[in-house]
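Asks: Could you have a look at this structure, given as structure tokens, before my questions?
The values are calculated or read from the model by the stated rules, or taken from the named source; none is laboratory data. Please read these numbers as outputs of a predicted model, since none were measured by experiment. Cβ placement follows ideal geometry from the backbone for every residue including glycine, while neighbour counts extend to all protein chains displayed. Keep in mind that these areas ignore ligands, DNA and RNA; they rest on the heavy atoms of the full protein, side chains included. Shrake-Rupley method; radii C 1.70, N 1.55, O 1.52, S 1.80 Å.
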Amino acid sequence: DRALEVPGGRKHCITADPIGFPIALWRGVQPRAILRHAVRQGRSIMSDDAFRISRFTLRFADAAVEAAYAEEHARKSVRPIRIVLAAIIVMAVLLSLLIIILVPFGIMPRPGRNMERGAVVMILLCAIVYALSRQPLFLRRQQTILFAVFCLFSAMVIVGVSRMAAEYLLTRGFLTMLIHMFTIYSLARLRFPQATMTGWLGTAAYLGYMAA
């Protein structure tokens, strides 16, 4: 056992349960303050009541702990999100340049104007979200903003894929959507419920649009 001093000057006992998880015993201290202190100190503090996770929403049952986790998750997600947005912009620009270079040689068919416009719209959207990530609003509504943005990305990817040649669409058209699904679940920094909803909505829209 050891003492943990949290902001406010109080000390609280830290012990461990039989399977090795440290348990914080506190009196009169908000879980948010303990969680913030634990994050700064690199400690893992668990409590069966305050840190219980709902099986349906995958959120902490305690509102204060959930708010603390959401705040910390949003803060740490800003930099990875900016990297993803910058990578999308760079890839869109490089792909456009590659098409411009290869089309005159007949290596690639000339894409339609809709695809070119879609690339421009995606670059602008990424730039807007990148700029928005520097505002306090982005931290407060991060999951809602990312959910809306990636749903819009799904729509743009579906429309873009549908404009491809029939041969490519039948053999390799699904790869673009597969990469987009990978981005949603691994790089978008969406929490699992939001990522699942975004992924399934995108998949259903893709299948419905292709079948129509």
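Asks: Residue separation times 0.36 nm, minus the C-alpha to C-alpha distance between ILE83 and GLU71: what's the value? Could you put the intermediate results ahead of the total?
Replies: Numbers: separation 12, 0.36 × 12 = 4.32 nm, distance 1.97 nm.
Contour length minus Cα-Cα distance gives 2.3 nm.
Asks: Given a Förster distance of 30 Å, report the FRET efficiency between ARG59 and ARG134 from their Cβ-Cβ distance, rounded to the nearest 0.05.
Replies: Details: r = 27 Å, r/R0 = 0.90.
Once rounded, the FRET efficiency stands at 0.65.
Asks: Round to a whole number: what % of the accessible area of the stretch 143-212 belongs to carbon and sulfur, probe 1.4 Å?
Replies: Values: 2960 of 3920 Å².
Carbon and sulfur together cover 75 percent of it.
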